[in-house]
Structure formats: C-alpha cells, structure tokens
1. Below 8 Å, C-alpha to C-alpha, sequence gap of six or more: please give me the relative contact order for region 53-105 in percent.
2. Taking the Cα-to-Cβ direction at Glu288 and at Ser49 and moving 7 Å from each Cα, how far apart do the two end points lie in nm?
3. Mind checking which of Gly104, Gly95, Gly210 has the largest fluctuation in a GNM of the chain, springs on alpha carbons under 10 Å?
4. I want the local charge near Lys59. Using Cβ-Cβ distances under 15 Å, sum +1 for each Lys or Arg and -1 for each Asp or Glu among the other residues.
5. How much net charge surrounds Ala40 when only other residues with a Cβ under 15 Å from its Cβ are counted (Lys, Arg +1; Asp, Glu -1)?
6. Return the long-range amide H neighbours of Arg285 (sequence gap of 5 or more, or a different chain), with a cut-off of under 5 Å between placed amide H atoms.
7. Expressed in nm to one decimal, what extension gain is obtained for the pair Asp147 and Gln303 from 0.36 nm per residue of sequence separation less their Cα-Cα distance?
8. Looking at the chain, what % of its DSSP beta bridges pair antiparallel, to the nearest 5?
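The values are calculated or read from the model by the stated rules, or taken from the named source; none is laboratory data. Bear in mind the structure is a predicted one, so any value in this text is a computation, not a measurement. Don't worry about glycine lacking a Cβ; one is built from the backbone with ideal geometry, like all the others, and counts go over all protein chains shown. Accessible surface is based on the protein model in full, side chains and every heavy atom, while ligands, DNA and RNA are left aside. Shrake-Rupley method; radii C 1.70, N 1.55, O 1.52, S 1.80 Å.
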Amino acid sequence: MIGILIFPDFQLLDAAGPISAFEVAARCTGKAPGIRVLAAKPGLVRSSSGVEMMARDLKAANAITTLVVAGGIGVADAARCEVTRAFVQRLARRGVRVASVCSGAYVLAEAGLLDGRRATTHWGRTRDFVARYPKVKFEPDHIFTRDGNVWTSAGITAGIDLALAMVTEDHGEEIAQETARQLVLYHRRSGGQSQFSSLLELKAPNGRFGTLLSWARENLDAPLTVEDLADRAGMSARHFARAFAAETGTTPSKAIERLRLEVARERVQSSREAIELVAETTGFRDPERMRRAFIRAFGQPPQALRRAARAGYGVCS
C-alpha cells in the first residue's frame with residue numbers, strides 16, 4: 001500500500017506524478033492500485049494551483065508500506081506541524097519506506113529522518129536547505145537519492161523518477177520499463193538536475209559571487225582556475241574556496257564546469273559550429289575532455305545531442 005502525504009498548498013504534480021507511476025505499475029502486474037492520499041486534516045486539500053485533492057485521515061495509514069511526502073509552497077507549515085512530524089517519525093520507526101518529492105524533504109529533515117543521510121531537494125532550495133540542515137549529506141545534483149529506507153527526490157517531475165526506481169525495487173526492471181513506456185518517459189533519466197537550470201539561477205546572482213559567476217560565463221575561454229577566481233574576488237585562494245562552497249553548495253571548479261557545459265550544450269544544439277571549436281571557445285580545450293564532461297552531465301556525447309536537436313527531440317522527457 002502506497003501513502004501520499006499532502007498538505008494545504010502542496011504542489012499537485014508532486015503527488016499526482018508518483019500516483020500515476022504507482023497506478024500504472026500496479027496495472028502492469030495485473031493488480032488494482034493500492035494508493036491512499038493522506039493529510040493531517042482530511043477532506044479536500046487545496047493545492048497551490050487551486051485544484052483540490054481528497055485526502056484521508058492519517059489513521060488510514062495502518063497498511064501502508066511506502067509513504068511519499070509531497071512538496072510545495074505550503075511545505076514550511078507542514079514541516080512545523082507536530083502532528084505531521086510525529087506521523088512521519090512513527091511510520092519510519094515502523095520500518096515503512098519513507099520518501100519525499102521536491103521540497104517535501106523539509107518535512108523529513110524536520111522529523112530528523114535525514115540527519116547523517118544522503119538527500120536532495122529542488123535545486124532552487126539548495127542554499128536554504130544546506131544552511132538549515134547541516135547534518136544532512138546533501139547531494140545538490142541528484143535526480144533522487146536513497147539512503148537506507150529513506151528516499152528523496154529533486155524538483156517536481158523528479159518524483160516520477162523516484163517512483164519508477166521504487167517500482168524497479170518492488171517489481172523488477174521489466175515492470176518498471178513497461179510503466180515508463182506507458183507514461184511515455186525515460187526509464188532512467190540521464191544526468192543530474194543541474195541540466196535543467198542555469199547555474200546563475202541556481203546560485204542566486206544577487207549573492208556574494210553573482211557578479212563573479214557572470215564574469216566567468218563571459219570569459220569561459222580563460223583558464224578560470226581557483227587562483228584566478230580568488231584573485232578576481234579579492235580573496236586568498238583557500239578562503240575563497242571555502243566561502244564559495246559555503247554559499248553555493250559546490251566547489252569553484254564544479255561551478256565553472258557547469259557554466260561551460262551550459263554554454264557548450266546550447267551551442268552544440270543550436271549551431272553548426274565544429275565540436276572542436278565549441279570545446280576550444282568554452283574552455284574545455286580538448287574535444288575529448290568536453291565529450292567526457294557531456295557524458296557525465298547529460299548521459300550522451302555532444303554529437304548525440306546535436307543529432308537529437310536536429311531531429312526535433314529533447315534530451316530528456
């Protein structure tokens with residue numbers, strides 16, 4: 001039995017996405033879906049879009065073996081709710097597999113379930129989450145994480161990726177693949193969530209290093225070493241590296257690689273420039289180095305992304 005925990009102003013797709021994945025998976029196995037939507041205050045619960053979803057009382061969770069906590073703009077109140085926190089803690093102690101979608105990770109963190117564990121959430125909440133929960137082993141670029149019986153996913157649609165991974169664990173690869181086909185989705189999405197957001201948005205351009213990142217993006221053909229960036233910021237290399245990681249949640253070298261990937265990918269997909277020229281002008285220098293970076297980030301080499309773009313297809317569903 002799957003339980004989906006919602007609250008006022010939850011994100012509708014955080015709940016509906018996993019619900020649909022679990023429903024289709026159940027039908028692929030020839031069984032009726034066993035899904036219950038739950039809330040601290042049962043009845044019609046209004047999502048942030050205004051669309052309402054009917055929820056049962058938390059007492060209906062007795063048969064639940066998996067709990068998925070939705071996220072949304074109302075998550076702060078949900079995370080502060082003693083009834084909700086106690087409910088999540090009680091199910092975790094009972095051995096229930098507990099998961100969160102997007103900012104639903106705040107509920108798990110407030111309940112103490114993420115201390116010392118690997119976890120992720122929506123890229124836009126990285127800085128706030130890291131600052132609030134320093135005991136969490138935060139993974140900013142993962143689509144979803146699993147640490148023991150606790151799972152977390154990145155933003156919104158990543159909840160479907162998480163649900164498909166759970167389907168794989170429960171029913172095997174064949175059922176998961178069939179479920180993905182029915183949903184017209186990739187069974188396993190390649191790359192991390194950084195591919196779906198520009199670095200400047202992810203790292204808040206109004207922050208201390210916003211101007212530096214903007215300058216770096218315009219000068220990708222320069223070496224842009226930690227020493228170069230520190231000098232530009234007027235700081236020692238050691239102090240700069242520590243301060244940059246604390247504010248952005250990543251290292252300077254990884255940030256620069258993401259900027260290079262962002263610009264290189266755009267040029268690979270939208271222009272006819274030679275791959276070698278793109279590599280040179282975006283700071284990768286060596287096409288092979290850029291190819292390896294593309295495979296790590298997007299799961300495909302530059303040539304494959306260019307072919308897909310010309311054919312009219314996106315990289316990921």
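1. Relative contact order for region 53-105 comes out at 54 percent.
2. Computed distance between label sites Glu288 and Ser49 equals 4.8 nm.
3. Gly95
4. +4
5. Result for the neighbourhood of Ala40: +3.
6. Those lying under 5 Å, H to H, from Arg285 are Glu280.
7. 52.7 nm
8. The antiparallel fraction comes to roughly 30 percent.
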